[in-house]
Amino acid sequence: MQDNNPERRNLIAISLAILIYFLAGGELADDVIRIQLVNLVFQKPIVLSAFVWVVFIWFLYRYWLLHTEQFTRNLREEIKNFATDPLIRSYAESVIGHPIVSDREEGMHIGRLRMLRPFVLEARLLFAKNVSRRDGKGDIAGHNTSNNEKPEFKNPLGFSGARGKLIASGVFAKCFLFYPSFSSYVAPYVLATLAVLAAIWHVFF
């Protein structure tokens, strides 16, 4: 498995092994494990089973310990890239009653999009002659000030109400699909959960 993150690699590997074992109907014949290459026979496979689960819990703990804040931190940075997303623009226009223009035009621009907490967004608006530059995360890094009268608008703009929350959820869904934070930091937890559920199903059903 090609992964330069050892904690993620270990958790995914053991979760997949457990999941495949139970989904494929794995069983220990005669309650004995034989390793022919070194002529070993284990008469108490329950000890090996317990050892596997101890290792699984250790890998899960290490992954959580070292990456608990990393997913949120990376997600905050990725969300900034959606400042000019059509969903964000459409919602902002409906709230302020004023069109959001492209960077090269004079008018209202979305200067910054940030995540306050999971699935809660906030946009900062800017009235400018044009936007000359955005940084690598979508934030406005340079603009030309307009001399025209600014329309009244709420700043920052929160994504509230049913429509605002729906728009925010759509943006997060896009982020999960097209940026690596979700697959890199959440998917291992999903696999670990599936492995545990497969074991519970095997024991009780």
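Every number in this text was worked out from the coordinates using simple rules, so none of it is lab data. Source: prediction; values computed, not measured. Heads up, the Cβs are rebuilt from the backbone with ideal geometry, glycines too, and the neighbour counts pull from every protein chain shown.
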Quiz item: Which aspartates and glutamates does Lys129 reach when only Cα atoms under 17 Å apart count, and residues fewer than 8 places away in its own chain are ignored?
Solution: Asp103, Glu105, Glu106, Asp139, Glu149, Glu152
Exercise. Calculate one ³J(HN,Hα) per residue across region 153-161 by plugging θ = phi - 60° into the Karplus curve 6.51 cos²θ - 1.76 cosθ + 1.60, and present them in order as whole Hz with x for glycine and proline.
Key: 8, 7, 9, x, 9, x, 9, 10, x
Self-check item: Given (1) 51; (2) 60; (3) 70, the label whose value is percent of Cα pairs over 23 Å apart derived from this model
Solution: (2)
Quiz item: Relative contact order for the chain using alpha-carbon pairs under 8 Å, separation at least 6, rounded to a whole percent?
Solution: 22 percent
Quiz item: In nm, to one decimal, how far is the modelled label at Asp135 from the one at Gln70, with both set 7 Å along Cα→Cβ?
Solution: 2.3 nm
Practice problem: Could you work out how far helix 187-204 tilts from the main Cα principal axis of the chain, as a 0 to 90 degree angle to the nearest 10? | Solution: 40 degrees
Practice problem: Take the Cα pairs of region 75-142, get the Kirkwood Rh, then feed it into Stokes-Einstein at 25 °C and 0.890 mPa s and tell me D in µm²/s. | Solution: 204 µm²/s
Self-check item: Cβ-based charge dipole, region 75-178, positive-most Cα from Phe172, His143, Gly97
Solution: Phe172
Quiz item: For region 121-167, what is the relative contact order in percent, using Cα pairs closer than 8 Å and at least 6 residues apart in sequence?
Solution: 41 percent
Quiz prompt | Under 19 Å from the Phe153 label point (7 Å along Cα→beta-carbon), backbone N, region 108-128 | solution = 108-115, 121-128
Quiz item: Distance in nm between label sites at Ser90 and Leu197, each 7 Å beyond Cα in the beta-carbon direction?
Solution: 3.1 nm
Quiz item: Suppose R0 equals 35 Å; then what is the FRET efficiency for Ser160 and Val55 from their Cβ-Cβ distance, rounded to the nearest 0.05?
Solution: 0.15
Practice problem: Can you tell me the 0 to 90 degree angle between the C-alpha axis of helix 6-23 and the longest principal axis of the chain, rounded to 10? | Solution: 60 degrees
Exercise. Counting only C-alpha contacts under 8 Å and six or more residues apart, can you give the relative contact order of region 75-178 as a whole percent?
Key: 27 percent
Self-check item: Sum of -39500 (n - 2.57) over DSSP H runs of 4+, divided by residues of the chain (222 nm, nearest 500)
Solution: -16000 deg cm²/dmol
Self-check item: Ranked Phe153, Phe82, Phe182, criterion: other C-beta atoms within 10 Å, fewest first
Solution: Phe153, Phe182, Phe82
Quiz item: About its Cα centre, what dipole magnitude does the chain give when the only charges are +1 on Lys and Arg Cβ and -1 on Asp and Glu Cβ, stated in debye to the nearest 20?
Solution: 420 debye
Quiz item: Once you mark the trypsin sites (Lys or Arg not before Pro) that are in a DSSP loop and have at most 12 other Cβ atoms within 10 Å, what is the longest gap between them in the chain?
Solution: 1-103
